[in-house]
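Participant: Just dropping this structure here.
No value in this document is a laboratory result; all are computed from the given coordinates. What you see is a predicted model; the values in this text were computed from it and never measured. For neighbour counting, all protein chains shown are included, and Cβ atoms are generated from backbone atoms with ideal geometry for every residue, glycine included.
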Amino acid sequence: MNSRKAVILGYDAVSPLGIDMETQWNRSVKGESGIGHLTRFPVGEGFPVHIAGQVEDIDTTPYPFLSPRNLAHWTSPIFKYAMLIVHRALEKSGVVISPDLSPRVAITFSSAVGGQDAVLKADRRMISEGKMPHPFTNPNSCINMVGGKVSILTKATGPVMSTVTACATGVTSMIVGAMLLEQGRADVVICGAVDFALVEPIVAGFATMNGAYRPKEGQEPDPPAEVSRPFSIDRRGFVISEGAGSIIIATRDFAKAHGIGYNIEMAGWGMTSDAYHFVAPNLQTVRRCISESIEDAGINPSDIDAINAHATSTRVGDKVEFDALKAVFGDRIPPVSANKSLIGHAMGASSAIESIFAIEGMLNNTLLPTINHTPDPEIELDCVSEGARDMSQEFILKNSFGFGGCNSCVVFQRVG
């Protein structure tokens, strides 16, 4: 038995379904959507996107590190949500970062988009008022700064890095964390990702590249809750959302030595690069990523009980993911949950949040539903579209694929 294998000690998330785990889990089990009308900024009639998955504001009063004074210069929302969920995940994990432990705690917590809202605000201020940017503009927009702020909050002084792989960032952070554990460079790793990309030019940019949902020409928009529909014949692009997820991993040895129980471990993982196209996925390298994660876990495809899909609701992406699953599993593809039907696409944070939902499902013997699903004859999947399903799961495959051809897959195993 590999004593440096990564085990899950704690986790926490915020998403369009809520800002505490109990609310998010209960709503997801009920198949409730977190998608609504876009109100993060004024939306004119000619703006191409009118719906989004938005995270509600948080009461920072119970958390001194989130006081107005401490957040005064950190205007991008990525910082307060990142620090909140990391704080809560550590509390749940039972890990206390003492001065002795501090050098052995690494951070791979990251962001795909970062605080670009701060740069936009500074640019508009320069144009409209002729004023120079606030001194904290660049620190807010620096992608690795979120990991730096997590380090300052937790006093962790081990390796810190930004594991940016676009939409796969959350899972990649866990994989890189597992590497650090395996190599003996850390005993505990703070993993995860945060993204709050509901910023005008970013949202509009996803629309102009035909990634974000748009209603059919000449037709009325669908109700927001019905728009995110992975693997469906009527899928028309992803719903841009926001959120954050933090996962605390550690070696088996560390957990045992500190008397910390665990029920889930990272059994295996795979990473590949498409070397193909800047956004269109490559079937062969996606398939290989899935296969290698299963092989790394030391199991066969038939051992996988269920799949937590990447499934953004794009025409090409969903089809390639299905084709890759077909190539790996043949006619016996396990049930597939597509959480973006519930929460939309929170960029790099999506795979962190979805991993947490998958882990919760394993612990609760529950497969979350894929809502808004209308079968596509070219994508023959059991998408758990009837509602949450009672099902024991030992092995779960989590897929995540990002722009630039960044593929990351992980197999979770229930061990307790």
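Participant: Out of (1) of a type in the set (A, V, I, L, M); (2) closer than 24 Å to residue 200 by Cα; (3) touching a residue at least 60 places away in the same chain (Cβ under 8 Å); (4) surrounded by fewer than 21 Cβ atoms within 10 Å (Cβ to Cβ), the odd one out for residue 78 is which?
Facilitator: Result: residue 78 fails condition (4) only.
Participant: Also: Could you list, in sequence order, all residues of region 355-379 that are touching a Lys or Arg at 6+ places or on another chain (Cβ under 9 Å) and either in a strand (DSSP E or B) or free of Cβ contacts under 8 Å to residues at least 24 places away in the same chain (or both)?
Facilitator: Hits for region 355-379 are 366, 367, 376, 379.
Participant: Which one is nearest to the chain's Cα centre (by Cα) among residues in region 290-307 that are assigned to a loop (DSSP other than H, G, I, E, B) and over 18 Å from residue 383 (Cβ atoms)?
Facilitator: By that ranking, first place goes to 297.
Participant: Looking only at region 308-344, filter to residues that are among the hydroxyl-bearing types (Ser, Thr, Tyr) and either free of Cβ contacts under 8 Å to residues at least 12 places away in the same chain or not in a loop (DSSP other than H, G, I, E, B) (or both); which one of those is nearest to residue 381 (Cα to Cα)?
Facilitator: 337
Participant: While we're looking at this one, here's another question. Pick from region 1-32 the residues that are buried (at least 24 other Cβ atoms within 10 Å of the Cβ) and among the polar types (S, T, N, Q): which of them is nearest to residue 241 (Cα to Cα)?
Facilitator: Out of the qualifying residues, it is 15.
Participant: Considering only region 28-54, how many residues are touching a residue at least 40 places away in the same chain (Cβ under 8 Å) and farther than 16 Å from residue 202 by Cβ?
Facilitator: Number of matching residues: 10.
Participant: Is one or more of the residues making up region 203-226 surrounded by fewer than 24 Cβ atoms within 10 Å (Cβ to Cβ) and within 11 Å of residue 53 (Cβ to Cβ)?
Facilitator: Yes, region 203-226 contains at least one residue that is surrounded by fewer than 24 Cβ atoms within 10 Å (Cβ to Cβ) and within 11 Å of residue 53 (Cβ to Cβ).
Participant: Shifting gears a bit: Would you pick out the residues in region 82-103 that are farther than 16 Å from residue 152 by Cβ and either out of contact with any Asp or Glu (no Cβ under 7 Å at 6 or more places or on another chain) or crowded, with 21+ Cβ neighbours inside 10 Å (or both)?
Facilitator: Selection gives 89, 91, 93, 94, 95, 96, 98, 100, 101.
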